[in-house]
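The values are calculated or read from the model by the stated rules, or taken from the named source; none is laboratory data. These numbers come from a predicted model, not from an experiment. Heads up, the Cβs are rebuilt from the backbone with ideal geometry, glycines too, and the neighbour counts pull from every protein chain shown.
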Amino acid sequence: MEERSNGSGSQGWSEGGPVEGMTGDQARAEIKAIESDPSFAGDGKMDHWSRQGMLKRRDALYKRAAPSPEEAARLKEEEEARSKESLEREIERYELRDALEAEKTLEEKLIRHFGDEKTASEKVKSAQALVKKYITNPRDLQFLDDSGLGNDFEVIGMVARLNEILTESRSRMRKSKKGGAMEMEKTELTRRGGK
């Protein structure tokens with residue numbers, strides 16, 4: 001490393017050899033040394049030509065400290081990747097927030113519709129059981145999830161009502177089997193208006 005006098009007699013910046021052979025880190029370190037040298041601040045103790053040499057060297061060092069085109073491209077790709085990851089995390093965060101808000105809104109609608117939280121929960125569970133019983137194809141179940149129909153207030157209400165109808169129908173059938181054919185005849189007569 002060549003020592004270059006800064007003209008003030010103090011031990012400050014020293015020239016670090018040919019700029020072309022330096023790494024970016026070495027160039028940045030020498031730039032820091034130049035800019036922290038009291039003579040660089042222009043305290044008047046450095047002669048004009050020495051100061052001009054220091055300024056020229058600093059300019060050359062800044063050019064060397066700048067990343068090469070390959071390094072600049074790599075740094076740009078890394079920054080874009082970080083930005084893309086950040087954007088993806090942000091999107092996931094908002095999607096999760098939206099899903100939680102939609103779930104809360106659906107729960108509130110169901111509670112209002114069915115009267116209380118317990119009844120709403122029972123109705124949803126019965127609707128889920130009916131869907132799982134009669135929709136056996138995994139693609140169809142996936143469609144309900146992907147399309148959002150599985151979380152649609154109207155669909156849940158309709159399936160819960162269907163489950164009630166099926167349950168009532170099964171209950172009537174069990175009773176009629178116990179009462180035999182006579183019970184079926186009475187039901188038929190009642191429907192037709194007879195006694």
Please work out which residue is surrounded by the fewest Cβ atoms within 10 Å (Cβ to Cβ), limiting yourself to the stretch 131-163 and to residues that are among the aliphatic types (A, V, I, L, M) and within 16 Å of residue 114 (Cα to Cα).
158
Report those helices (runs of 4 or more DSSP H) wholly inside the stretch 7-125 carrying at least 1 residues which are more than 48 Å from the chain's Cα centre (by Cα) and either modelled with pLDDT of 85 or more or farther than 30 Å from residue 160 by Cβ (or both).
48-65
Scan the stretch 79-92 and give yes if some residue there is closer than 27 Å to residue 141 by Cα, of a type in the set (A, V, I, L, M) and exposed (fewer than 12 other Cβ atoms within 10 Å of the Cβ), otherwise no.
yes
Quick one: is residue 128 surrounded by 14 or more Cβ atoms within 10 Å (Cβ to Cβ) and out of contact with any helix residue (DSSP H, G or I) (no Cβ under 8 Å at 6 or more places or on another chain)?
yes
Flagged pairs (Cβ under 9 angstrom, 6 or more apart or on separate chains; first in the stretch 165-177, in the same structural domain as residue 127 (by TED's automatic domain parsing) and in a helix (DSSP H, G or I); second of a type in the set (Asp, Glu) and surrounded by 10 or more Cβ atoms within 10 Å (Cβ to Cβ)) are 175/183; 176/183; 177/183
Output the qualifying pairs, or none if there are none: Cβ atoms under 6 angstrom, residues six or more apart or on different chains, first residue in the stretch 108-130 and in the same structural domain as residue 168 (by TED's automatic domain parsing), second residue modelled with pLDDT of 85 or more and exposed (fewer than 13 other Cβ atoms within 10 Å of the Cβ).
111/117
